[in-house]
Amino acid sequence: MISTAEALEKVVALATPMPAETVSLAEASGRVLAKPVIAAHAQPPFAASAMDGYAIADRTPKIEDTFNVVGTSAAGHGFDGSVANSEAVRIFTGAPVPPGTARVILQEDVAREGDTITMTGAAEGGTHIRPAGGDFKPGDTLDAPRRLSPSDIALAASMGSAALSVSKKPVVALIATGDELVMPGETPRADQIIASNTFGLKAMLENAGATARLMPIAKDTVQSLTTVLEMAADADLIVTIGGASVGDHDLVGDVAAEMGLERAFYKVAMRPGKPLLAGRMGTAAMVGLPGNPVSSMVCGEIFLRPLIDKMLGLPAGPRTRHRATLSQPIAANAGREHYMRAIWSDCDNTVKPFERQDSSLLTVLARANALLIRPPHDPAREAGEAVDIIRL
Ligand SMILES: Nc1nc2c(c(=O)[nH]1)N[C@H]1C(S)=C(S)[C@@H](COP(=O)(O)OP(=O)(O)OC[C@H]3O[C@@H](n4cnc5c(N)ncnc54)[C@H](O)[C@@H]3O)O[C@H]1N2
Ligand code: MOO
């Protein structure tokens, strides 16, 4: 059995980078930028007023100073002339400041009579002028690769790009295996259960930036598994669920090998997730997840998210670990790295593992917001000791 760290390296090495495609800005949220966005102009393109008031040529006007209003500059309608000593131009937020302007005074700080304004308050603080190019200059970039956040989209729009070059979404074929499985909404027989992790993994993969296709459930026969694997052959990543262990009906490894799987590894010293399988099948990467619902979801967090990142062109490595304080003692760990389902509190940075850690318990996983990581053979730990967690 290899370590989790080694398995992750091998999984990430299976990734083939996705080609780029162009999408409109409105469709780009959450996508991975493939080429930098380059600003076509400066923002603001002109020195602009940050306030509604008057542009004047005097940097430090005093109370009772007067100015003659000679024009107006509004957003989208600049003033043609300039402003000289003892003159003022009525100006609004976002409007170009006329040449000669030293500062903008707030309309609240003046009294206006006809075309004359008189300072009624002190002009304190800054000039209320936003310099041209204060946000960005022509040629400034929004760098790639990056997962586009809402603020990145706003910046790309402001830089003048109507469409962005992003990595294509990898297509993941998700194959549930097992005679016991029926789809949600169907009525299971007495010896059947509902396929659940398939849907959890689809949600996770799509959240990670992939398109997940739910394939028909494969029965525990060579024929059925072969047929569904063949149907998935054009995917970028094939993920099977279940049938990975050593039982008589666990056929995934053998059938995939028969179909040309170049195996990277089988079995990882982790809990849950021991019977994990990975390799390449034709043009696709292939990951065989254990069937236990929590095992497959935890393996998704630890291996599939970094794999999708890598396919999308993002830096891909182990999930970020944080240090947290144990809120209760825990017993010594055995020989596999243990990813315990836990509740982490952001108020005091404490972490509390659930008492029940069986890999079938989706109710526990759904309540967990962190995985507490125990190294192999970690000794018993006391409350108050520092441990590693991954936030979910
Ligand atoms: N003799 C041994 N037995 C087992 C070992 C072992 O080392 N020696 N390993 C155990 C571990 S650890 C795991 S994890 C499981 C994994 O087994 P499989 O990957 O072969 O999974 P299945 O047997 O097909 O299913 C396990 C469990 O999960 C349910 N399941 C499967 N698919 C789904 C699905 N899509 N949605 C919901 N639930 C699913 C299935 O009905 C079983 O209850 O093996 C141990 N055994
Ligand atoms: O991977 Mo198994 O989950 O240890 O239950």
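What follows draws every value from the coordinates through simple rules; no lab data is involved. What you are looking at is a predicted structure, and each value in this text was computed from that prediction instead of being measured. Every residue, glycine among them, receives a Cβ derived from its backbone with ideal geometry; neighbour counts consider all protein chains shown.
Taking θ as phi - 60°, what are the ³J(HN,Hα) couplings along the range 340-349 by the Karplus curve (6.51, -1.76, 1.60), each to the nearest whole Hz, with x for Gly and Pro? Taking θ as phi minus 60°, the curve returns 7, 5, 8, 10, 9, 9, 6, 5, 10, 6 Hz for the range 340-349.
With the simple model of a label 7 Å out from the Cα in the direction of the Cβ, Ala190 to Glu27 spans 5.2 nm. Arg263 to Thr325: FRET efficiency via 1/(1 + (r/R0)^6), r the Cβ-Cβ distance, R0 56 Å, to the nearest 0.05? Rounded to the nearest 0.05, the efficiency is 0.85.
The DSSP beta bridges internal to the chain are antiparallel in roughly 70% of cases. Taking every DSSP beta bridge that has both ends in the range 135-287, the antiparallel portion is near 35%. Note on the range 325-391 and the range 201-215: Cα centroid distance 27 Å, given to the nearest whole angstrom. Each label was represented as a point 7 Å from its Cα along the Cα-to-Cβ direction; for Asp378 and Asp346 these points are 2.3 nm apart. A simple charge model with +1 on the Cβ of Lys and Arg, -1 on the Cβ of Asp and Glu and nothing else charged puts the dipole of the chain at about 780 debye relative to its Cα centre.
Return the FRET efficiency for the residue pair Ser158, Ala5: r is the Cβ-Cβ distance, R0 is 41 Å, and the value is rounded to the nearest 0.05. It comes out at approximately 0.50. Ordering of 12-18, 301-307 by packing is 301-307, 12-18, highest average first (other Cβ atoms within 10 Å, averaged per residue). Taking the Cα centre of the range 119-168 as origin and assigning +1 to Lys and Arg Cβ atoms and -1 to Asp and Glu Cβ atoms, the resulting dipole is close to 240 debye. Taking the chain as a Gaussian network, Cα atoms linked when under 10 Å apart, which of Arg323, Arg341, Arg59 shows the biggest mean-square fluctuation? Judging by the Gaussian network model, the answer is Arg59. Close Lys pairs in the chain, defined as Cα atoms under 26 Å apart and 8 or more places apart or on different chains, number 23.
The helix-based estimate of mean residue ellipticity at 222 nm for the chain, built from -39,500 (n - 2.57) per DSSP H run of four or more residues and divided by its residue count, is -4500 deg cm²/dmol to the nearest 500.
Relative contact order, whole percent, for the chain stands at 17, derived from Cα pairs under 8 Å and 6 or more residues apart.
Amide H contacts of Met51: Gly94, each under 5 Å away and 5 or more positions distant or on a separate chain (H built 1.01 Å from N in the peptide plane; Pro and chain starts excluded).
The HN-Hα couplings worked out from phi for the range 268-284 by the Karplus form 6.51 cos²θ - 1.76 cosθ + 1.60 (θ = phi - 60°) are 10, 7, 9, 9, x, x, 3, x, 6, 10, 8, x, 10, 10, x, 8, 9 Hz, whole numbers, x standing for Gly and Pro. Charge tally around Asp358: other residues with Cβ under 12 Å, Lys/Arg +1 each, Asp/Glu -1 each, net +2. The slack in the chain from Thr66 to Thr120, taken as 0.36 nm per residue of separation less the alpha-carbon distance, amounts to 18.5 nm. Taking the chain as a Gaussian network of alpha-carbon nodes connected by springs under 10 Å, the highest mean-square fluctuation of the residues Val222, Val70, Val255 belongs to Val70. Quick check for you: which residues of the range 288-306 have the amide N under 20 Å from the point 7 Å beyond the Cα of Asp179 toward its beta carbon? Zone members listed by number: 291-292.
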